[in-house]
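First up is the structure itself, then whatever we jot down about it.
The values are calculated or read from the model by the stated rules, or taken from the named source; none is laboratory data. Bear in mind the structure is a predicted one, so any value in this text is a computation, not a measurement. Glycine also receives a Cβ, built like all others from the backbone with ideal geometry; neighbour counts cover every protein chain displayed. These accessible areas exclude ligands, DNA and RNA; they are computed on the full protein's heavy atoms, side chains included. Shrake-Rupley method; radii C 1.70, N 1.55, O 1.52, S 1.80 Å.
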Amino acid sequence: MNETQITFAGRVGGDITLREVSGDRHVASFRVATQPRRLRDGEWTSGPTTWHTVKAWNKLALHVAESLHSGDPVLVHGRLSVDVWERDGTSMTSYEVVATAVGHDLSHGTSAFAKHVRHESAGAQESPQIRSTATLAPAAGPDTTQAA
């Protein structure tokens, strides 16, 4: 099956909505704003903001809901999904990204990773275990790839 894959960077634009759809199935929905920045005539200019609707399912949904907050810089990778319908005789189209991977964009700061480990007893809840809590000093020198 040929599916369009998309990867983009942006900022979480609001609260994460987590829903249980059936049994152990969960879906997290959130919006991500992207805005191109260009260096023109020695000055940074911002283009128009584009909003992307992102959905994450199951374990990724739980991790996204626990890890992301409004304003966080993120990288999203997933499958582009298009929904076309008709309303009052007008054709409507919406796009969403069904995420397969989501993470903090570390070009804007640091993050710590906590791995969820399943306990051996049947039916036990997963619990986070901190894998690394190292705090890194900011990189020396200016960031030449993007303006703040």
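Side notes on the structure shown:
- Rg(Cα)/(2.2 N^0.38 Å) for region 2-113, N = residue count: 1.21
- Accessible area expressed per residue, region 4-57, with surrounding protein chains retained (probe 1.4 Å, Å²): 66 Å²
- Protein heavy-atom surface of region 6-78, 1.4 angstrom probe: 48% of the accessible area is carbon and sulfur, with nucleic acids and ligands not counted.
- Each Lys or Arg adds one and each Asp or Glu takes one away; over the other residues whose Cβ falls under 14 Å from the Cβ of PRO48, this sums to +2.
- For peptides 84-93, 25-34, sequence by mean Cβ density within 10 Å, most packed first: 25-34, 84-93
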